[in-house]
1. Go through the chain and tell me which helices (runs of 4 or more DSSP H), entirely inside it, have 3 or more residues that are among the small types (Gly, Ala, Ser).
2. Restricting attention to the stretch 53-60, does a residue exist that is open to solvent by less than 60 Å² (accessible area, probe 1.4 Å), touching a helix residue (DSSP H, G or I) at 6+ places or on another chain (Cβ under 9 Å) and among the charged types (D, E, K, R)?
3. Are there any pairs with C-beta distances below 7 angstrom linking a residue in the stretch 42-62 that is without any contact (Cβ under 8 Å) to a residue 24 or more places away in the chain to a residue that is open to solvent by 80 Å² or more (accessible area, probe 1.4 Å) and of a type in the set (Asp, Glu), with the two at least 6 apart or on different chains, and if so which?
4. Does Asp90 fit the bill of being at pLDDT 95 or above and over 22 Å from the mean Cα position of the chain (by Cα)?
Amino acid sequence: MSDRIERPWALMRHHAGWADVFHIEHESADSITGFYPDRETVGPPVNYSTRAVLARFPTLEAARAAREGAVAEWRKHDAGVRDAETRLRDAEKLREDAWLGCLRDAADRA
């Protein structure tokens with residue numbers, strides 16, 4: 001465990017493409033307890049499974065720098081994702097039109 005606590009700053013998934021910096025105060029084999037330094041803390045420290053940690057860092061600055069670099073990397077793929085979403089909507093429209101056409105053709109034959 002001592003190796004882990006030497007890297008007490010973690011990035012935790014917040015939502016797709018964004019991670020929050022988290023300070024680990026205590027840990028066991030399967031859980032961590034700590035706080036988010038960039039949020040106003042209300043109440044006791046929070047607990048998570050160790051699986052919630054995306055990456056660990058020795059300093060707050062290193063965690064923040066990694067988060068910013070990851071956001072930039074995420075943004076590089078925005079145009080490709082938008083293009084794929086457009087193609088998906090087009091394919092779904094074709095599928096819907098084919099389904100309706102099949103139903104209407106069947107009704108005309110009945």
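1. 60-75, 78-109
2. yes
3. Here the result reads Ser49/Asp30; Thr50/Asp30, each pair linking the stretch 42-62 to a residue that is open to solvent by 80 Å² or more (accessible area, probe 1.4 Å) and of a type in the set (Asp, Glu).
4. yes
So that you can scan it fast, the table gives a plain yes or no per residue for (1) open to solvent by 90 Å² or more (accessible area, probe 1.4 Å); (2) modelled with pLDDT under 95; (3) within 30 Å of Ala29 (Cα to Cα); (4) aliphatic (A, V, I, L, M):
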{"residue": "Val46", "(1), (2), (3), (4)": "no, yes, yes, yes"}
{"residue": "Ser49", "(1), (2), (3), (4)": "no, yes, yes, no"}
{"residue": "Gly101", "(1), (2), (3), (4)": "no, no, no, no"}
{"residue": "Arg104", "(1), (2), (3), (4)": "yes, no, no, no"}
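The values are calculated or read from the model by the stated rules, or taken from the named source; none is laboratory data. All values derive from a computational prediction rather than experimental measurement. Please note: Cβ atoms are built from the backbone with ideal geometry, for glycine as well, and neighbour counts cover all protein chains shown. Heads up: the accessible areas ignore ligands, DNA and RNA and are worked out on the full protein's heavy atoms, side chains in. Shrake-Rupley method; radii C 1.70, N 1.55, O 1.52, S 1.80 Å.
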